[in-house]
1. Could you list all residues from the range 66-112 that are charged (D, E, K, R), over 20 Å from residue 260 (Cβ atoms) and open to solvent by less than 90 Å² (accessible area, probe 1.4 Å)?
2. Check whether at least one residue in the range 125-143 is assigned to a helix (DSSP H, G or I) and open to solvent by less than 10 Å² (accessible area, probe 1.4 Å), and report yes or no.
3. Of (1) touching a residue at least 24 places away in the same chain (Cβ under 8 Å); (2) open to solvent by less than 50 Å² (accessible area, probe 1.4 Å); (3) not charged (D, E, K, R), residue 177 satisfies all except one. Which?
4. If residue 232 satisfies every condition in (1) crowded, with 18+ Cβ neighbours inside 10 Å; (2) at pLDDT 95 or above; (3) within 20 Å of the chain's Cα centre (by Cα) but one, which is the exception?
5. Please state which one of 68, 52 is assigned to a helix (DSSP H, G or I) and modelled with pLDDT of 95 or more.
6. What number of residues within the range 40-49 are open to solvent by 60 Å² or more (accessible area, probe 1.4 Å) and either part of a helix (DSSP H, G or I) or in contact (Cβ under 8 Å) with a residue 60 or more places away in the chain (or both)?
Amino acid sequence: MLRLLPKLCLFLIFAGRLAQACAGEVVLYSSNNVETVNQVVDQFTKENPDIKVSVVRAGTGALMQRIKAEAANPLGDIFWSGGLSTIGEFRDQFQPHESAQAAAIPPAYRGPNGLWLGTNVHVTVLMANLRQTPGGQPPRGWADLADPKWKGKIVIPDPERSSASFVALYGLQKLLGNEVLAKVVRNAVIVGTTSAAYEGVAKGEFAVAVTMEYAAYEYVAGGLKEIKLVYPAEGTFLSPEGMALIKGAKHPQEARRLYEFLAAGKTQIEVFKSAYRRPLRTDIDVSRLAELPALSSIKVVALDDARMGTERAAFIAQWRQSVNAR
């Protein structure tokens, strides 16, 4: 009798009865913006009408803490996407999965035993509004932001809540030292979300944001001529992001199907076309899709993701001291 139940369920769906009882579901925890998440979920459900997707959105840090708090009774099934260093810090909360798409992702961006999989990479930039910058000139690099003339004109997302901001500020500390970082902090306005930073610059509330390439470029592509992307002269940082299956999830089969969909090349191309998030897949050339510099032409300062993960707590504690000391 038990072996007949799946066929009976399919028959009832075909007959238009008990569809809700038979349909699968999956709970997606995501720090991506609403538009990107909606686009992906809509396409997934079109191709997988037997699966209902519920979405919980928040910053990466908040979602990591939520997943950890729910470990005894997981309410989410899959996390997409956040910084690999942050995912690594919370690795005990995730379930390994050997993806069929993993071969297209460089080994450096795959978790041990398939614990996570890289999806896209953010390039840290300084997003400048030339109508608000002193003399209409953007900063050239990180060191410029330590100049008192930028006080109150810089906006930075809280690195405890934004994995991309954590990478940027951790990298700045490693590149130029604690003294320069402290001066930048004294000049900056700290906001709770990544979007509040780049939206603030786009609206003219601030002159410069420490943000991600994709977020700033959306405004350039949209025709805002006063917005300029600055790739810091000293070098910038890559913030690879990835996804992972939540350990003990209640809907593991559905979660794996969504995972494979998110990893697929066609999905990542569509996400790039709409949101300019650089895929980590080696078989996608973004220079053919948008007017952005090739990654090879950008001066990149390499950071150790594993070390960032282990040093994250100490850095955040130091960050808090710097903010409180202003």
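The values are calculated or read from the model by the stated rules, or taken from the named source; none is laboratory data. Computed from a prediction, not measured in an experiment: that's the story for all the values here. Positions of Cβ are generated from backbone atoms using ideal geometry, with glycine treated the same way; all protein chains shown enter the neighbour counts. Heads up: the accessible areas ignore ligands, DNA and RNA and are worked out on the full protein's heavy atoms, side chains in. Shrake-Rupley method; radii C 1.70, N 1.55, O 1.52, S 1.80 Å.
1. Passing the criteria: 70, 89.
2. No, the range 125-143 contains no residue that is assigned to a helix (DSSP H, G or I) and open to solvent by less than 10 Å² (accessible area, probe 1.4 Å).
3. Residue 177 satisfies every listed condition except (1).
4. Only one criterion is unmet by residue 232, namely (3).
5. Being assigned to a helix (DSSP H, G or I) and modelled with pLDDT of 95 or more holds for just one of 68, 52, which is 68.
6. So the answer is 4.
Here is a yes/no grid of residues against (1) over 27 Å from residue 189 (Cβ atoms); (2) surrounded by 15 or more Cβ atoms within 10 Å (Cβ to Cβ); (3) not acidic (Asp, Glu):
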| residue | (1), (2), (3) |
| --- | --- |
| 263 | yes, yes, yes |
| 273 | yes, no, yes |
| 281 | yes, yes, yes |
| 285 | yes, no, no |
| 289 | yes, no, yes |
| 305 | yes, yes, no |
| 316 | no, yes, yes |
| 319 | no, yes, yes |
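Okay, residues lined up against (1) in contact (Cβ under 8 Å) with a residue 60 or more places away in the chain; (2) open to solvent by 10 Å² or more (accessible area, probe 1.4 Å); (3) farther than 19 Å from residue 118 by Cβ:
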{"residue": "237", "(1), (2), (3)": "yes, no, no"}
{"residue": "248", "(1), (2), (3)": "yes, yes, yes"}
{"residue": "252", "(1), (2), (3)": "yes, yes, yes"}
{"residue": "260", "(1), (2), (3)": "yes, yes, no"}
{"residue": "269", "(1), (2), (3)": "no, yes, no"}
{"residue": "296", "(1), (2), (3)": "no, yes, no"}
